[in-house]
Structures are given as C-alpha cells and as structure tokens.
Amino acid sequence: QTEGWNGHWQRYVDRLVGAGVVAVGIGTGLTYEEPPPALVTACRSAGLNLFDVPRRTPFVAVSHRISELLVQQEAFAARRALTAQRKLTAAAAQPDGATGVLEALAEFLDGAAELRSAEGQILVGPVGQLARDLAAIDLAAEIQALRQSGPRGASTLSNPEGTVVIQPVGIGGRRRAFLAALGAQRFSEGERSAVTTAVALLA
C-alpha cells in the first residue's frame, strides 16, 4: 500500500494545503510503522506540519485536546479583540483621530493601514510596519471597481505580502472614503472585527 501511494502523497498534501489545512497527523503502528518517506518529503516541501499519532493514543483523547485548545483560542481572541476595540476607540478621541485609528489598527494586524478618497487617492497613511508593502500595491483599480458595485461594496485581495481588506467608509450608505488594511494571509474573526470597528470610527 505504501509503494502504491508514493506517487500520490504530493497531490494529497497539495490538496490539504489548498483547503487551508495547517497540520496532519498520521497514526503509526497500524498500516504504517513510521510515516512514509514520500509523505514526509511532500509535507516538508509544502510547509505542512506532520505529526505522529502513536497507536496507543485513543482518538477521543485527540478530539478532547483539540476542543480544549479551540476554547482557549476563542477566549484569547475575544480578549484580544476587546483590547483592540478599546485602543481604536481611544485613538479616535485624539486630535488626529484618523491617523490614530489607522495606527492602532495596523499595530493590531501586525501590518499596515491607509485611508483613500472615494476616487482612490491616499488621504492618510499608509502607516504600520508593513506600510511600504501596502504602498507598493496598486489599489486604485480595485477601488474604482468597488465604486461600481454599490454603496456597501467591499473587497479582499490576497498577494505575497499578505491579505488586503478594502472597506467603504461613510454614513447612511454614502461612501466618502475607503479603508485599506494589510494583514496576515488569512484574517481572523478578531482582525475582521477590528477592521469593522475602525470603519465605524473613521465614518
């Protein structure tokens, strides 16, 4: 069975990575005494974490541990999101509120943020540790397309620098500007919530 799979491990791993999987566990002591070398090679080349699940480990133990970790992760994310909302709100109360909000958002995302006019010109920023990366991305065409898509049109772009979220800023459906935020390859719920808060404060 191992020999027959040697040519398929790479495609299998590529599909997992394409679906957003970050790690795969293989049970040893049953079909395989140790992880197949072709699987190890495929995971290493794709940057996919591979871990060994010994035969004596009951599957329910793995499920329970994952559940515990997910609960911890959700609690941490909720606390972090609340902290971000407080910082964003405090920044908005400063004399230069728009810049403060963008700086607080960029810090939370470990990325960058900027404010553009409805026509696509830069109004404030970019600010943040990835400001240069955000400045290098041509967003004018994307904003032009959003202007044609309705008052609440938003966009998400993925590129080698990370993910850029573009949200309209305005009150009562009237777009006066666009917020562009650059963060990790995949925004968490907390990060998206921070972007939504920033949009509300900038409006």
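Key figures for this structure:
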quantity: Taking region 1-112 and dividing mean pair separation by its residue count, relative contact order in percent (alpha carbons under 8 Å, at least six apart); calculated: 19 percent
quantity: Accessible surface, per residue, of region 53-203 when the full set of protein chains is kept, probe 1.4 Å, Å²; calculated: 58 Å²
quantity: With every protein chain in place, region 1-129: carbon and sulfur % of accessible area (1.4 Å); calculated: 56 percent
quantity: Cα-based convex hull volume of region 20-93 per residue, rounded to whole Å³; calculated: 106 Å³
quantity: Dipole magnitude (debye, nearest 20) for the chain, charges at Cβ of Lys, Arg, Asp, Glu; calculated: 580 debye
quantity: ³J(HN,Hα) computed for each position of region 126-133 - Karplus, 6.51 cos²θ - 1.76 cosθ + 1.60, integer Hz, glycine/proline x; calculated: x, 10, x, 5, 10, 4, 5, 5
quantity: Label-point separation in nm, THR41 to ARG55, each point 7 Å along Cα→Cβ; calculated: 2.7 nm
quantity: Share, in percent, of DSSP beta bridges within the chain that are antiparallel, nearest 5; calculated: 75 percent
quantity: For GLY29, distant residues with modelled amide H under 5 Å away; calculated: GLU34
quantity: Mean Cα-pair separation over length for the chain, i.e. relative contact order, pairs under 8 Å, 6 or more apart, %; calculated: 16 percent
quantity: For the chain: Kirkwood Rh in Å [reciprocal of mean 1/r, alpha carbons]; calculated: 19.7 Å
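The values are calculated or read from the model by the stated rules, or taken from the named source; none is laboratory data. As the structure is a computational prediction, the values presented were derived from the model and not from experiment. Backbone-built Cβ (ideal geometry, glycine too); neighbour counts: all protein chains shown. To get the accessible areas, we keep the full protein, side chains included, count just its heavy atoms, and leave off ligands, DNA and RNA. Shrake-Rupley method; radii C 1.70, N 1.55, O 1.52, S 1.80 Å.
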